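Worksheet: one structure, shown below.
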Ligand code: NAP
């Protein structure tokens with residue numbers, strides 16, 4: 001297998017640190033550079049925990065993408081920065097694997113156009129955990145039989161976007177198979193705004209943010225006399241790395257935008 005040269009954006013972050021380790025430890029990947037927003041160090045080897053590595057650090061995306069010979073960008077930053085990096089990477093002939101969540105429908109449309117213009121693949125995966133992808137698929141299957149659904153997503157309290165990308169993606173997948181339905185009583189009224197959570201095509205999404213949590217979601221299906229709950233828990237960031245690895249390998253064969261890891265899992 002040919003070596004895939006990778007730039008990681010957000011290397012000091014919780015996800016970015018794991019991604020840097022993954023790239024370093026995988027024989028057919030090479031860490032070409034990291035893209036940080038602080039230039040406290042010129043090489044990643046000066047960063048705590050990465051002493052055995054060797055890759056330049058950039059703070060300017062344009063400078064990084066034009067001077068480093070790389071195949072793939074793995075972005076794990078914030079929505080606004082992630083969008084900026086993704087567009088810039090595509091323009092420089094680098095394929096983006098984006099784990100950053102919080103992209104809007106408009107962002108996805110823009111990136112779809114850019115992948116068509118450049119002929120380069122781009123993977124946007126709101127959740128890299130293979131178990132979470134199965135949770136979404138199983139939920140889509142169940143929704144055909146149980147159309148009354150509430151989604152509860154639970155994350156650590158430093159998460160910037162709500163609801164989570166995974167919850168929105170789950171609701172989108174369910175909407176494809178479920179007939180439009182307004183849930184709850186037709187005269188339902190919130191006495192405190194937000195009590196019923198976000199509404200996606202009549203489905204409600206509730207976001208819990210607490211220290212101690214990593215990434216968890218349960219999809220609840222209610223029917224007369226029975227309840228089905230499909231739940232997935234990520235207990236650490238390493239749980240996402242098999243998905244990152246699959247995305248980096250797969251993107252080399254893609255020339256379109258792919259939204260969701262389920263589209264590249266056999
Ligand atoms: P985090 O710990 O806050 O890390 C984000 C990192 O991005 C920080 O180190 C931050 O730097 C850095 N950053 C911000 N702006 C930047 C810029 N302009 N250039 C370079 N780096 C920049 O967050 P996290 O938990 O790792 O999550 C990162 C993203 O991944 C979030 O969008 C999160 O929702 C998403 N996520 C995705 C998955 C998945 O499976 N797809 C799983 C978990 C999380 P500072 O420290 O200076 O702010």
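In whole angstrom, note down how far apart the Cα centers of region 89-116 and region 190-266 are.
First find each Cα centre; the distance between them is then 20 Å.
Dimensions of region 69-138 along principal axes (Cα, Å, largest first)?
Each principal axis gives a Cα extent; for region 69-138 these are 37, 27, 22 Å.
If I fit a long axis through the Cα atoms of helix 241-251 and take the longest principal axis of the Cα atoms of the chain, what angle between them do I get, 0 to 90°, rounded to 10?
70 degrees
Quick one: plug the Kirkwood hydrodynamic radius of region 110-266 (C-alpha pairs) into Stokes-Einstein at 25 °C, 0.890 mPa s, and report D in µm²/s.
In µm²/s, the coefficient rounds to 145.
How large is log10 of I(q)/I(0) for the chain at q = 0.07, 0.08 Å⁻¹ when the intensity is taken from the Debye formula with one equal scatterer per alpha-carbon?
One equal scatterer on each Cα of the chain leads to -0.27, -0.35.
Quote to one decimal, in nm, the extra length available between residue 39 and residue 182 on full extension: 0.36 nm per residue of separation minus the C-alpha distance between them.
Taking residue 39 through residue 182 to full extension adds about 46.4 nm, to one decimal.
Quick one: order 24, 156, 85, 185 by neighbouring beta-carbon count within 10 Å, fewest to most.
185, 156, 24, 85
Could you work out how far apart the two model spin labels at residue 104 and residue 195 are, taking each label as a point 7 Å from the Cα in the direction of the beta carbon, and quote it in nm?
3.1 nm
Using per-residue counts of other Cβ atoms within 10 Å, averaged over each peptide, order 50-57, 246-253, 186-193 from highest down.
Answer by packing, highest mean first, reads 246-253, 50-57, 186-193.
Length gain on complete extension for the stretch residue 227 to residue 117, per 0.36 nm per residue less the alpha carbon to alpha carbon distance?
34.9 nm
Let me have the 222 nm mean residue ellipticity of the chain computed from DSSP H runs of 4+ only, each contributing -39500 (n - 2.57), with the sum over all residues rounded to the nearest 500.
-10000 deg cm²/dmol
Any idea what angle helix 105-118 forms with the longest principal axis of the chain, computed on alpha-carbon atoms, 0 to 90 degrees, nearest 10?
With both axes taken from Cα atoms, the answer is about 40 degrees.
Between the helical axis of 130-143 and the dominant principal axis of the chain, each derived from Cα atoms, what acute angle in degrees is found, rounded to the nearest 10?
30 degrees
Can you say what percent of the DSSP beta bridges in region 1-99, counting only those with both residues inside, are antiparallel? Round to 5.
5 percent
Given the chain, what percent of its DSSP beta bridges are antiparallel, to the nearest 5?
45 percent
Place the peptides 72-82, 158-168, 34-44 in order of packing, highest mean first, counting for every residue the other Cβ atoms within 10 Å and averaging per peptide.
72-82, 158-168, 34-44
Counting only DSSP beta bridges with both residues in region 81-217, what percent are antiparallel, rounded to the nearest 5?
Counting DSSP beta bridges with both partners in region 81-217, the antiparallel share is about 45 percent.
Full extension from residue 3 to residue 145: what is 0.36 nm times the residue separation minus their Cα-Cα distance, to one decimal in nm?
Length difference between fully extended and current span is 46.6 nm.
Along the Cα→Cβ direction, 7 angstrom out, place labels at residue 84 and residue 67. What is the inter-label distance in nm?
According to this spin-label approximation, the distance is 1.8 nm.
Taken together, the values in this text are just the output of simple stated rules run on the coordinates, not laboratory data. In this text the structure is predicted, and so the values were computed from the model without any measurement. As a convention, Cβ positions derive from the backbone with ideal geometry for all residues, glycine included, and neighbour counts pool all protein chains shown.
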